[in-house]
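Read the structure below first, then the notes.
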Amino acid sequence: MANFYLNVDGRRTYVTDVGVGPTIVLLHGAAVGVDSTLTWFRTIRELSQQFRLVAFDQIGFGRTDMPLDGVYKNRLERTYHAESVLRELGVTAACLVGHSEGAFVAARLAITTPGIARSLVIVTSGGTAPYLGGSKDDEWISACEQAYNDPNRLDSEDSFVSSDPHLSRGPDHRYERLLRENFQRSVKSQQVEMFRAMPEAEVDYRKYRELQETYIFPYLSQINVPSLLVWAGEDSTVPVSRGVALSELMPDADLQVINDSGHYVMHDQAAAFHDLLRVFAGEDR
């Protein structure tokens, strides 16, 4: 695996670029301890014999530098960093795969950077999907507040690990080892403190919708590349109904639901996820 640092807009950025073949860009989501390695290590191992896999830690995550001002950069702001990374790497005509908030980044890149997306994959993304309306959103919003807004989960490594949605489904020793390493790094880099001071728009889920409603939905018609929506069947924070709502805004997209999986579908049901991605990204387009 080729791992290296790249200077991007003055920020040291951690990159993985491995394999030969059609390019797949893997974009991780946003939470304390999340980075490209934790999210995609199984995907990189599984698909690198067939594809060029590009993944990187977004600004404020993993081994990439924290923001100079110490203030959390939202998914729209991270899109600018992602665009610069891919430009530095010479990436064009790639299959853009985004998980969770990474899907917002992938979709926004497909909208704003013509030629960079050969195809688009949105994976279980509350940061991209529509809301359902009124009380229909209450249940999943409550689940998000429990999962992401509880400051006590950041008090210690053990409380953090015990609250992880993937590990709550069963043991995964390699994932847990990486998660513990990432939490320790998050404490040292001050990422934990940055998350404790998140802007209101990131923790108030009634306001959180504004970015996708402003920067994604009005421009979906501009995404004229093959698109795939992969949704976890049992993710209380992003229910399948929201994936269906997004598919209704993208009538040419294919929606695939992977049952018996939570938010980290690429780990919960790795074989099924990789089979879908292998076929979709490998099709002659």
Would you give the gap between the C-alpha center of the stretch 192-240 and the C-alpha center of the stretch 254-273, rounded to a whole Å?
18
I'd like to know how the stretch 145-285 sits against the 2.2 N^0.38 Å rule of thumb: what's its Cα Rg over that expected value?
1.22
For D254 and T214, calculate 0.36 nm times their separation in residues minus their Cα-Cα distance, and state this gained length in nm to one decimal.
12.1 nm
Restricting to the stretch 3-282, what percent of DSSP beta bridges are antiparallel, rounded to 5?
30
Efficiency of FRET between H274 and N224 - r from beta-carbon atoms, R0 41 angstrom, step 0.05:
0.95
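Would you mind estimating how fast the stretch 19-155 diffuses translationally, via Stokes-Einstein at 25 °C and 0.890 mPa s with the Kirkwood radius over Cα pairs, in µm²/s?
Result for D is 154 µm²/s.
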Would you mind calculating the gained length between E145 and R169 on full extension (0.36 nm times residue separation, minus the Cα-Cα distance), in nm to one decimal?
6.7 nm
Show that you can apply the helix-only estimate: for the chain, add -39,500 (n - 2.57) for every DSSP H stretch of four or more residues, divide by all residues, and state [θ] at 222 nm to the nearest 500.
-11500 deg cm²/dmol
Restricting to Cα pairs below 8 Å that are 6+ residues apart, what does the relative contact order work out to for the chain? Please round to a whole percent.
19
Per-peptide average of other Cβ atoms within 10 Å, ordering 69-78, 213-222 highest first
69-78, 213-222
Under 18 Å from K73, Cα to Cα: lysines that are on another chain or at least 8 residues apart
K207
Taking H placed 1.01 Å from N in the peptide plane, check which residues at least 5 places from V8 or on another chain put their amide H under 5 Å from its amide H.
T13
Relative packing of 190-196, 265-271, which averages over residues the other C-beta atoms within 10 Å, highest first
265-271, 190-196
Pull up all non-local amide H partners of V71: gap of 5 or more, or a different chain, and H-to-H distance under 5 Å with H placed in the peptide plane.
none
Arrange D65, D204 by Cβ neighbour counts within 10 Å, fewest through most, would you?
D204, D65
The stretch 245-261 residues near the modelled Q50 label - backbone nitrogen below 14 Å, point 7 Å along Cα→Cβ:
none
If contacts are Cα pairs under 8 angstrom and at least 6 residues apart, what is the relative contact order of the stretch 1-91 in percent?
31
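Quick check on the chain: what does the Kirkwood estimate of hydrodynamic radius come out to from the alpha carbon pairs, in Å? Don't skip to the answer; put the middle values down first.
Values: mean 1/r = 0.0533 Å⁻¹.
This gives a value of 18.8 Å.
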Positive-pole candidate from S48, V123, Y148, dipole of the chain, charges at beta carbon
S48
Evaluate the distance, in nm, between pseudo-label points positioned 7 Å from the Cα of E193 and of L6 along their respective Cα→Cβ axes.
3.0
Residues whose placed amide H lies under 5 Å from that of V121, excluding near-sequence neighbours:
L96, V97, G98, L228
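Bear in mind that the values in this text are calculations on the coordinates, not laboratory data. Keep in mind that this is a model prediction, so the values were computed, not measured. Every residue, glycine as well, gets a Cβ built from its backbone with ideal geometry; the counts of neighbours run over all protein chains shown.
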